[in-house]
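Below: the structure, in structure tokens.
The values are calculated or read from the model by the stated rules, or taken from the named source; none is laboratory data. All values reported here derive from a predicted model rather than from experimental measurement. For neighbour counting, all protein chains shown are included, and Cβ atoms are generated from backbone atoms with ideal geometry for every residue, glycine included. Only protein heavy atoms, including side chains, enter the accessible area calculation; ligands, DNA and RNA are left aside. Shrake-Rupley method; radii C 1.70, N 1.55, O 1.52, S 1.80 Å.
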Amino acid sequence: MQIPLRRRDPALGRWLESQAAEIIARQPKDGDVREEVLGILSTQATVGDMRLDAVARRLAITARTLQRRLASAGTSFEILCDRARRAAAEAYLTNTTLSISEVTYLLGYSEPTAFHRACRRWFGRHHRSGV
């Protein structure tokens, strides 16, 4: 948060600060592996880089150990990825300055139709015009 922006754009600066504050607020507080993984995924959801090995590396454990811990917590990496994407989608879709194409890209979907199917599964209806 201390890195200065190359361009002086107050609106962009405020948006980035609010995103950073949301990410910090979602960080785990009790050591639950699900919350730890969701915290990491929430930072990676914006670039669509939700790989098991990358998350395991951030937790300083092997991918297999992470899978075992998630299984014993009653969940899977795929379920947590889906939850993180849904949360990011909700945040992005409430920001009316982002187009559906931009949200699709930020969440790592290959095309808008894939994102549209995910939104229908998550929300069961159209969330914003165009989705």
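Scanning the stretch 98-118 for residues that are of a type outside the set (S, T, Y) and farther than 17 Å from C81 by Cβ turns up L98, I100, E102, E111, P112, H116. Considering the stretch 50-131, the qualifying helices (runs of 4 or more DSSP H), each wholly inside and each with 1 or more residues that are more than 26 Å from V33 (Cα to Cα), of a type in the set (V, I, T) and touching a residue at least 24 places away in the same chain (Cβ under 8 Å), run over 100-106. The criterion of being open to solvent by less than 70 Å² (accessible area, probe 1.4 Å), at pLDDT 85 or above and among the hydroxyl-bearing types (S, T, Y) holds for T65. When L5, L38, L12 are screened for being open to solvent by 30 Å² or more (accessible area, probe 1.4 Å), part of a helix (DSSP H, G or I) and either out of contact with any Cys (no Cβ under 8 Å at 6 or more places or on another chain) or modelled with pLDDT of 85 or more (or both), only L12 passes.
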